[in-house]
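Asker: After the structure tokens below, expect a handful of questions from me.
The values are calculated or read from the model by the stated rules, or taken from the named source; none is laboratory data. For clarity, every value in this text was computed on a predicted model and none was experimentally measured. So basically every Cβ, Gly included, is an ideal-geometry build from the backbone, and we count neighbours across all protein chains shown. Accessible surface areas use protein heavy atoms only, side chains included; no ligands, DNA or RNA. Shrake-Rupley method; radii C 1.70, N 1.55, O 1.52, S 1.80 Å.
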Amino acid sequence: MKQIAAVILIMITIVSLVVIAFTVNQVDQEETRLKTDLQYRSTLLAESLKETVEPNFINKSDNYLQNVVERFSSKERFAGLGIYDNKSNVVALSSTIPEASSAATKVAADAMDADRAEGGFVKLNQEKTYLLAVPMHDDKSIVGALVVVQNAGYIDNRLNEIWTNNLFRLLVQATLLSLATLLLIYWFLYTPIRNLVAALQTDRSGGGKQNPKGLTNSFLFRPLINEVSRIRSSLLEARSSASEEARLRLEKLDSPWTAERLKEFLKDILKGRTIFMVSNREPYIHTKDGNQIKYYFPASGMATAIEPVMQACGGMWIAYGSGDADKLVVDNKDKIKVPPFEPKYTLKRVWLTQQEESGYYYGFSNEGLWPLCHIAHNRPIFRKEDWEQYQKVNQKFADAILLEIKNQDRPIILIQDFHLALVPRMVKAQRPGAVIGLFWHIPWPNPESFSICPWKKEILDGMLGADLIGFHTQLHCNNFIETVGRELESLIDYEQFTITRNNHISFIKPFPISIAFPNQDKSEEDNKAAIDKIRKSLDIKTKYIGLGVDRLDYTKGILERLKGVEIFLTKYPQYKTQFAFIQIAAPSRTKVKKYHDFAQEVEKEVERINSAFKIKNWKPIVLLQRHHNQEEIQKFYKSVDFCLVTSLHDGMNLVAKEFVAARDDEKGVLILSQFTGASRELKDALIVNPYNGEQTAESIKQALEMKPTEQTKRMRNMREVVKNNNVFRWSAELLKTMIDLG
Ligand code: ADQ
């Protein structure tokens, strides 16, 4: 808009300068013309009067001359007449001329001195006036002078009129010019560009193939449009050949899954049905930052895994809007298209009150179910009030889903995690035809452990509303089936792994979750520069670096890991000043007292170990206690010699898989807890029992001393596993199983 205003301003300035220059010239010419004309007429008049007055000047009485003067004074534009003797004394003077007019006297004297006509413009009675004096003679000498006085005010009026007319014309022209410019810009620039952008956007999101209206009509942009059209055709061709390739690859299930292949696969099996993803945590959280609104991706294994799937297959994701600016960016149905940088699916936000969040999320989910399922030596807390909020919020989510699937024939609903265990039953009760899946991202404990939950039956019954219940490992499936067998009246089929309750069958199956396995697009130099930058910013000069990346959660074994580092440095002091351990820790669930205390405990432990081993500027542990974005984390993964994952119990643990996927140099060692789901797949990691600090310390030594060839062999194997079993494969298998059920 500013540019358009500038263009119009420049044009108006140029036009104005031209008009002003022409007007000045026109005024100049007109003034000269009018003055010349006046002088000419005055001369004619003076000469003819002179002929009347001169012969009789000496003999006639003053009265006679005064009569002559008055007789001529009433003519148009003729302001008066003066007759002077040769001493410049007034002989007769029109009453319209002030007697004492020194200008008239002076011009008369000048004419007599020069013995020729003299004239000039002066102001008389506030009026512009022209005076012309001619000398009068007798036979021998000058006897006096005749002064003709003419009104010249009309000259200024005429000149003002020219200015007014021209400026008015300029105003009209400037207005018309601005309007014309705006219309031209709109028709010939804005509209074609807008159509072009719309066409490209449609192509990018895989839309239509036809030329958008008006795109080809613009002669101005024809070369650009031709070029863009060629790029569009190439893009559409590339997309269709990618689709074709993906379709072909559908047959060969052993080739790696990609977003494109998943998209094609789902198109094939969904046949127009929509996928509804439901979770507590949302993938994009909008927050206020001064006057601006920003968004970030949460540190959540569930979000990391599900987001690429939603990007690939579209649909709707229903989640709790937890950001302080979330409400400001949604439409009147609480929806927003995401990812914000390239919208591909709809995020629908569910709002919770503080009381609901506190009871359902912090209370029942995180203080009750989380420790119950993880068995990490933290006693679960079950409060009746929290349970009430948990039921209420689950109903809120179920209502949101029911509203969205109102017009859907056989919707596919995939519910995520332990926050929403009651939702499957709530939705199934209203919509028996909907296909419902529930994926449990955390471990399922043994039946004895689970039995302490006061509302175990309600939770199990709620979950069994789903047609398919997925866990990361077969062990968790077995634990779940055994728990149901103990707690609920049901029929269990151990061959099919199904549970039948009230004539409804739920399939229980393992689906080991994974990550997208990103394509590495950075050169080795870029990676090296990133590594140098990290070392410099953290002032790390050691030869070796180890890394831990976690949410600050007591199940992740962070304290046990620090103990392992301490034992390692005590047992192998030669590594002092040679080795640094970076722990990246995203604050998590900080409103829960246990998490708050745990964060402080980690800080204290880091301080204790650092002060015990500190030598000059070197300290063994660097704690980075903040949320990092994935790009930053990737740089850390690439910069270190080993990554230490020591969860005390973890459904899968995606950090382990992210580290492996990031190491396109096939270097680095993964040390992995035996209590993670990931340890079932990543067998080339150094597997440890995190409770055994000695073993962790030995593994650190083994990692630092591992030969590069050995590192490459192990890393290559692990990368193959993660690449082939990525999250696209996970969702393809999970959704295919669901669709086959209904
Ligand atoms: P989480 O307990 O959240 O997931 P995990 O699988 O390790 O654990 O995923 C954590 C995610 O958060 C990773 O993508 C990681 O990069 C990111 N992250 C960690 N620290 C971060 C930081 N400081 N800043 C920003 N991001 C950070 C739950 C279960 C897991 C299961 C997943 C998926 O507990 O067992 O693997 O769901 O099912």
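Asker: Take the conditions more than 12 Å from the ligand (Cβ to nearest atom) and touching a Lys or Arg at 6+ places or on another chain (Cβ under 8 Å) and apply them to ALA678. Does it pass? Let's see the steps before the verdict.
Answerer: Working: more than 12 Å from the ligand (Cβ to nearest atom): no; touching a Lys or Arg at 6+ places or on another chain (Cβ under 8 Å): yes.
No; evaluated as a whole, the condition is false for this residue.
Asker: Among the residues of the stretch 573-580, is there at least one that is under 18 Å from ILE671 (Cα atoms), more than 15 Å from the ligand (Cβ to nearest atom), touching a Pro at 6+ places or on another chain (Cβ under 8 Å) and outside the structural domain of PHE297 (by TED's automatic domain parsing)?
Answerer: Taking every residue of the stretch 573-580 in turn, at least one turns out to be under 18 Å from ILE671 (Cα atoms), more than 15 Å from the ligand (Cβ to nearest atom), touching a Pro at 6+ places or on another chain (Cβ under 8 Å) and outside the structural domain of PHE297 (by TED's automatic domain parsing).
Asker: Give me the helices (runs of 4 or more DSSP H) completely within the stretch 523-629, filtered to those with at least 2 residues that are at pLDDT 95 or above, of a type in the set (Ser, Thr, Tyr) and out of contact with any Gly (no Cβ under 9 Å at 6 or more places or on another chain), ordered by residue number. Full working, then the answer.
Answerer: On the way: elements: 524-537, 558-571, 593-613.
Result: 593-613.
Asker: Quick check, is SER673 within 20 Å of GLY564 (Cα to Cα) and touching a residue at least 24 places away in the same chain (Cβ under 8 Å)?
Answerer: When the stated conditions are applied, SER673 passes them.
Asker: For the stretch 658-669, which residues satisfy the criterion of being acidic (Asp, Glu) and more than 10 Å from the ligand (Cβ to nearest atom)?
Answerer: Selection gives ASP664, ASP665, GLU666.
Asker: Could you please let me know if VAL329 is more than 16 Å from the ligand (Cβ to nearest atom) and under 27 Å from ALA421 (Cα atoms)?
Answerer: no
Asker: Right, here's the next one. For the stretch 1-47, name all the residues that are among the acidic types (Asp, Glu) and either farther than 27 Å from ALA145 by Cβ or touching a Phe, Trp or Tyr at 6+ places or on another chain (Cβ under 8 Å) (or both).
Answerer: Residues satisfying the conditions are ASP28, GLU30, GLU31.
Asker: For the stretch 264-296, give me the residue count where each residue is within 20 Å of the chain's Cα centre (by Cα), within 15 Å of the ligand (Cβ to nearest atom) and surrounded by 16 or more Cβ atoms within 10 Å (Cβ to Cβ).
Answerer: 5
Asker: If a residue must be assigned to a loop (DSSP other than H, G, I, E, B), modelled with pLDDT of 85 or more and surrounded by fewer than 20 Cβ atoms within 10 Å (Cβ to Cβ), how many such residues does the stretch 91-150 contain?
Answerer: 3
Asker: Now for a different question. Counting only residues that are modelled with pLDDT under 95 and touching a Pro at 6+ places or on another chain (Cβ under 7 Å), how many does the stretch 314-373 have?
Answerer: 0
Asker: Looking only at the stretch 443-477, filter to residues that are within 16 Å of the ligand (Cβ to nearest atom) and among the polar types (S, T, N, Q); which one of those is farthest from GLY677 (Cα to Cα)?
Answerer: GLN474
Asker: Does LEU672 satisfy the criteria of being within 11 Å of the ligand (Cβ to nearest atom), in contact with a strand residue (DSSP E or B) (Cβ under 6 Å, 6 or more places away or on another chain), open to solvent by less than 50 Å² (accessible area, probe 1.4 Å) and within 14 Å of LEU547 (Cα to Cα)?
Answerer: Working: within 11 Å of the ligand (Cβ to nearest atom): no; in contact with a strand residue (DSSP E or B) (Cβ under 6 Å, 6 or more places away or on another chain): yes; open to solvent by less than 50 Å² (accessible area, probe 1.4 Å): yes; within 14 Å of LEU547 (Cα to Cα): yes.
So LEU672 fails the test.
Asker: Let me ask something else. Please go through the stretch 548-571 and pick out each residue that is touching a Leu at 6+ places or on another chain (Cβ under 8 Å), within 12 Å of the ligand (Cβ to nearest atom) and not hydroxyl-bearing (Ser, Thr, Tyr).
Answerer: GLY548, LYS556, GLY557, ILE558
Asker: Just wondering, is there one or more residues in the stretch 469-486 that are over 26 Å from VAL393 (Cβ atoms) and either touching a residue at least 60 places away in the same chain (Cβ under 8 Å) or among the hydroxyl-bearing types (Ser, Thr, Tyr) (or both)?
Answerer: Within the stretch 469-486, one or more residues are over 26 Å from VAL393 (Cβ atoms) and either touching a residue at least 60 places away in the same chain (Cβ under 8 Å) or among the hydroxyl-bearing types (Ser, Thr, Tyr) (or both).
Asker: Go through the stretch 465-499 and report how many residues are open to solvent by 50 Å² or more (accessible area, probe 1.4 Å), at negative phi and touching a strand residue (DSSP E or B) at 6+ places or on another chain (Cβ under 8 Å). Talk me through it step by step, then tell me what you get.
Answerer: Looking only at the stretch 465-499, we keep the residues that are open to solvent by 50 Å² or more (accessible area, probe 1.4 Å), and these are 474-475, 478, 482, 486, 489, 491, 493-497.
If we keep only those that are at negative phi too, we end up with 474-475, 478, 482, 486, 489, 491, 493-496.
Then drop every residue that is not touching a strand residue (DSSP E or B) at 6+ places or on another chain (Cβ under 8 Å), which leaves 474, 489, 491, 493, 496.
Adding up the residues that qualify gives 5.
Asker: Could you please tell me which pairs satisfy a Cβ distance under 9 Å, a separation of 6+ or placement on different chains, a first residue in the stretch 15-37 that is in contact (Cβ under 8 Å) with a residue 24 or more places away in the chain and of a type in the set (Phe, Trp, Tyr), and a second residue that is part of a helix (DSSP H, G or I) and surrounded by 14 or more Cβ atoms within 10 Å (Cβ to Cβ)?
Answerer: If the second residue must be part of a helix (DSSP H, G or I) and surrounded by 14 or more Cβ atoms within 10 Å (Cβ to Cβ), the pairs left are PHE22/ASN166.
Asker: Shifting gears a bit: Output the residues belonging to the stretch 563-581 that are in contact with a strand residue (DSSP E or B) (Cβ under 7 Å, 6 or more places away or on another chain) and buried (at least 21 other Cβ atoms within 10 Å of the Cβ).
Answerer: Once the filter is applied, which keeps residues that are in contact with a strand residue (DSSP E or B) (Cβ under 7 Å, 6 or more places away or on another chain) and buried (at least 21 other Cβ atoms within 10 Å of the Cβ), the stretch 563-581 yields VAL565, PHE579, ALA580, PHE581.
Asker: Report, ordered by the first and then the second residue, all pairs with beta carbons closer than 9 Å, sequence separation of six or more or different chains, a first member in the stretch 543-556 that is more than 24 Å from HIS374 (Cβ to Cβ) and in the same structural domain as ILE584 (by TED's automatic domain parsing), and a second member that is of a type in the set (Asp, Glu) and more than 7 Å from the ligand (Cβ to nearest atom).
Answerer: From residues that are more than 24 Å from HIS374 (Cβ to Cβ) and in the same structural domain as ILE584 (by TED's automatic domain parsing), the pairs are LYS543/ASP641; TYR544/ASP641; ILE545/ASP641; GLY546/ASP641.
Asker: Check off (1) assigned to a loop (DSSP other than H, G, I, E, B); (2) away from the ligand (no atom under 15 Å from the Cβ) for ALA299 and give me the number that stays unchecked.
Answerer: Of everything listed in (1) assigned to a loop (DSSP other than H, G, I, E, B); (2) away from the ligand (no atom under 15 Å from the Cβ), ALA299 misses just condition (2).
Asker: Considering the stretch 610-652 alone, what residues qualify as being open to solvent by less than 10 Å² (accessible area, probe 1.4 Å) and within 16 Å of the ligand (Cβ to nearest atom)?
Answerer: Hits for the stretch 610-652 are ILE621, TYR637, VAL640, CYS643, LEU644, VAL645, THR646, SER647, GLY651, MET652.
Asker: Could I ask something else about it? Within the bounds of the stretch 382-397, is there any residue that is of a type in the set (A, V, I, L, M) and closer than 18 Å to ARG281 by Cα?
Answerer: Of the residues in the stretch 382-397, the ones of a type in the set (A, V, I, L, M) are 393.
Restricting the remaining residues to those that are closer than 18 Å to ARG281 by Cα gives 393.
Checking the stretch 382-397: at least one residue is of a type in the set (A, V, I, L, M) and closer than 18 Å to ARG281 by Cα.
Asker: Being in a strand (DSSP E or B), within 16 Å of the ligand (Cβ to nearest atom) and closer than 30 Å to ASP409 by Cβ is true for just one of ALA305, ALA319. Which residue is that?
Answerer: Criteria check complete, one pass: ALA319.
Asker: If only one of ASN502, ASN527 is surrounded by fewer than 18 Cβ atoms within 10 Å (Cβ to Cβ) and away from the ligand (no atom under 16 Å from the Cβ), which one is it?
Answerer: Values: ASN527 fails: surrounded by fewer than 18 Cβ atoms within 10 Å (Cβ to Cβ).
Going through ASN502, ASN527 in turn, the sole match is ASN502.
Asker: Based on this model, can you work out whether VAL655 counts as within 13 Å of the ligand (Cβ to nearest atom), farther than 15 Å from GLU720 by Cα and not in a loop (DSSP other than H, G, I, E, B)?
Answerer: yes
Asker: In the set VAL721, VAL688, VAL727, which member is buried (at least 22 other Cβ atoms within 10 Å of the Cβ) and under 38 Å from the mean Cα position of the chain (by Cα)? Spell out the reasoning first.
Answerer: Working: VAL721 fails: buried (at least 22 other Cβ atoms within 10 Å of the Cβ); VAL688 fails: under 38 Å from the mean Cα position of the chain (by Cα).
Just a single option satisfies the conditions, and that option is VAL727.
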